[in-house]
1. Give Ala294, Ala302 a once-over and let me know the one that is touching a Pro at 6+ places or on another chain (Cβ under 7 Å) and not assigned by TED's automatic domain parsing to the domain that holds Ala380.
2. Sort through Arg121, Arg108 and tell me the only one that's out of contact with any strand residue (DSSP E or B) (no Cβ under 6 Å at 6 or more places or on another chain), among the basic types (Lys, Arg) and part of a helix (DSSP H, G or I).
3. Identify, please: which residue in region 311-326 is outside any strand (DSSP E or B) and of a type in the set (Asp, Glu) and is, among those, farthest from Gly174 (Cα to Cα)?
4. Mind listing just one residue for me: the one in region 317-357 that is under 29 Å from His179 (Cα atoms) and small (Gly, Ala, Ser) and, of those, modelled with the lowest pLDDT?
5. Is there a residue in region 144-153 that is assigned to a loop (DSSP other than H, G, I, E, B), touching a Phe, Trp or Tyr at 6+ places or on another chain (Cβ under 8 Å), at pLDDT below 95 and surrounded by fewer than 17 Cβ atoms within 10 Å (Cβ to Cβ)?
6. Residues in region 56-86 that are under 17 Å from Cys127 (Cα atoms) and either of a type in the set (Lys, Arg) or in contact with a Cys (Cβ under 8 Å, 6 or more places away or on another chain) (or both): how many?
7. For region 311-339, what are the residues that are touching a residue at least 24 places away in the same chain (Cβ under 8 Å) and of a type in the set (Lys, Arg)?
Amino acid sequence: MRTLAVIGAGAKGIAIAAKARALAAAGLGPPRVVLVERGTPAGTWTGDQGYTSGLLPLGTPPEKDVGYPYPESWGAASGAVTEAMMAYTWPRHLIARGTYADWVDRGRLRPAHREWGEYLRAVGAACGAEIVAGEAASLDIEDGHWRLGLAGGGLIDAAGVVLTGPGPPTQVPGQPRGHPLVLDGRTFWQHAGDLGQRAGSICVVGSGETAAWIVITLAQQCHERSTIDVLTSRGVLYSRGESYDENRFYSDPGDWPRLAESHRREFLERTDRGVFSVQAEATLNKLHGFRTLAGRAVALEAGQRQVVVTIGYGEDRERVAYDLVIVAMGFNSRWFEGLLGGEAQRRLAAARAGDDLERLIDVNLAVTGLEPPLHLPVLAGLAQGPGFPNLSCLGLLSDRVLRRYVPLPETAPQLSERSYRA
């Protein structure tokens, strides 16, 4: 049996494992799915590893669970696959806990991140997800297969690899590691409880969802004499659109490739990258004590008592000293490149031929022209649809990936194997 290795046992990895189990129940032959996880499964949602306090509300509706949008990707077998996936829905999880009626009566509230993590772990247990504890240390191609090396020893041979997870936080030039006055989108949550009585000047660099909830937490906890500057390259804080015409592309990206590339990029900028959710914006509107500054952080200089931020806006440069700086500009989606060995780097470079990697993600969410397949859903937004990098279509994501390894029924709808370019 072929093995599909998934680095990360979070929402995407568990969704793929659940779909593989559903395919097996429907009589289709899925690959063996192995999830490689260095920490607790779905651990980034708990607050124990940073990234969140665990108490923040989920940005997407929980009905967009591991099977959503339950597409008919498997022809005559689609009904059987969907029926099997019903065991892993969000409502089924609440019913099993005896809290479904309470959730409905309270208006179907967004669960906290910690609750979402509990749901994902429950799905992983229910589908029998095979999870290998370990950290991916190397990834190379040998004899037509991927060789995934684990820190501390151990190798996994795989016909394909899926890379998930947010990656490390994006950094500003000069940003030190482990400095008490410079935090990021992961470490802030590990120190948030210590910041409550800190008075002084604070700078939050970024304008996305992570930055939004960091500002909210600071505004609620810090001393009333504290000042919070939110540094955004756009000059204004924008909220995410929630109209049907926008949301439909997240659930069903069938028409997405027909849009011009410039329009797809604009859509991603307006609805997903560097914008606040409606929930975060509603909370921010009730708070005081922060202001928005136009510009980008060009460099950081961290001293013992203050951090100097060089702010660039157009051709202008200004140096401003702060008592605390939180860099919340998102996470590095290209983190995996540091794992690649010589042969993998050579083949990836040949497949790219100097092109932007985001433009080369094919219908299976893998890099076009690279064999064996390397699936990069976190980079698939531009070419294949805005929902793949996040939680908006986990069921369709798992279908796209697994269709690369499962023989298609004759009645199954065919998918174009080309990547879409402007």
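1. On the way: Ala294 fails: touching a Pro at 6+ places or on another chain (Cβ under 7 Å).
One residue alone meets the criteria, Ala302.
2. Details: Arg108 fails: part of a helix (DSSP H, G or I).
Result: Arg121 is the single residue among Arg121, Arg108 that is out of contact with any strand residue (DSSP E or B) (no Cβ under 6 Å at 6 or more places or on another chain), among the basic types (Lys, Arg) and part of a helix (DSSP H, G or I).
3. To start, the set of residues in region 311-326 that are outside any strand (DSSP E or B) comprises 314-315, 323.
Cutting the leftovers down to of a type in the set (Asp, Glu) gives us 315, 323.
Numbers: Glu315: 20, Asp323: 17 Å.
Going through the qualifying residues, I end up with Glu315.
4. We begin by selecting, within region 317-357, every residue under 29 Å from His179 (Cα atoms); these are 317-339.
When the remaining residues are screened for being small (Gly, Ala, Ser), the result is 321, 328, 330, 333, 338.
Details: Ala321: 97, Ala328: 94, Gly330: 87, Ser333: 90, Gly338: 93.
Residue satisfying both the conditions and the ranking: Gly330.
5. Looking only at region 144-153, we keep the residues that are assigned to a loop (DSSP other than H, G, I, E, B), and these are 144, 151-153.
Still in the running and touching a Phe, Trp or Tyr at 6+ places or on another chain (Cβ under 8 Å): none.
No, region 144-153 has no match at all.
6. The total comes to 1.
7. Listed by number, the list holds a single entry, Arg334.
For (1) surrounded by 20 or more Cβ atoms within 10 Å (Cβ to Cβ); (2) assigned to a strand (DSSP E or B), each residue gets a yes or a no:
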site: Met1; (1), (2): no, no
site: Lys12; (1), (2): yes, no
site: Ala20; (1), (2): yes, no
site: Gly29; (1), (2): no, no
site: Leu35; (1), (2): yes, yes
site: Pro41; (1), (2): yes, no
site: Asp48; (1), (2): no, no
site: Glu63; (1), (2): no, no
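The values are calculated or read from the model by the stated rules, or taken from the named source; none is laboratory data. Just so it is clear, the model here is predicted, and its values are computed rather than measured. No Cβ is skipped: glycine too gets one built from the backbone with ideal geometry, and neighbour counts run over all protein chains shown.
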